[in-house]
1. What list do you get for SER64, SER57 if you sort them by fewest beta carbons within 10 Å?
2. Could you line up LEU110, LEU14 from fewest to most neighbouring Cβ atoms inside 10 Å?
3. Which far-off residues, 5 or more places away or on another chain, put their amide H under 5 Å from the one on GLN92, with H placed in the peptide plane?
4. How do ASP108, ASP49 rank when sorted from fewest to most other Cβ atoms within 10 Å of their own Cβ?
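Values in this text are rule-based calculations from the coordinates and carry no lab data. What you are looking at is a predicted structure, and each value in this text was computed from that prediction instead of being measured. With ideal geometry, Cβ positions are generated from the backbone for all residues, glycine too; neighbour counts draw on all protein chains shown.
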Amino acid sequence: MKPKLVLGIFSIVLFTSLLMYNFGNSISTYVNFEQAETRSSSHVVGVWDSSQEYGFSRETMQFSFYMKDEDGDVRRVVYPRPKPNNFEQATQLVVIGEMRNNVFHANDMLMKCPSKYNDMSEIEFSSAEGN
C-alpha cells in the first residue's frame, strides 16, 4: 500500500478514537449523592430541603442550600453564583458538578418550575366539559 493511504487511514482511526473517548467522558448520567462521590462529574436530581438554612455568602460569593436526592439523602450544595430568581418555586433541581468532602460543588443548576400552561390546560379542559 502507498504510505499516504496508510497515513490517511491511521489518521482517521486516531481521530475517531479520540472523538469517541471525549464523547464518552462528556456523557454524564443522573446519579444520587452516594454515587456522585466516586465520579468526577455528575448530574444529581432532587428537591430543595426548605427546612434547612440557605443563602448567599458575600465572603465566598457562593449560594448554598441543602438538597434531597431521589433516594432521600440530604447534602449541602454550594453554587458559585447568586440564588436563581425562581429557586423557591422549583419543583425539581438538577445540580451538575462534583462531590468534595461530603459537599456537592455545583458548576451549573437546572430548575424545573411549575408551568403556567399546565394550569391553563386544566382550566380550558374543565370549561369545555361544562359546555
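1. By the 10 Å Cβ count, ascending, the order reads SER57, SER64.
2. Working: LEU110 13, LEU14 10.
Going from least to most buried by this count: LEU14, LEU110.
3. Amide H neighbours of GLN92: LYS112.
4. ASP108, ASP49
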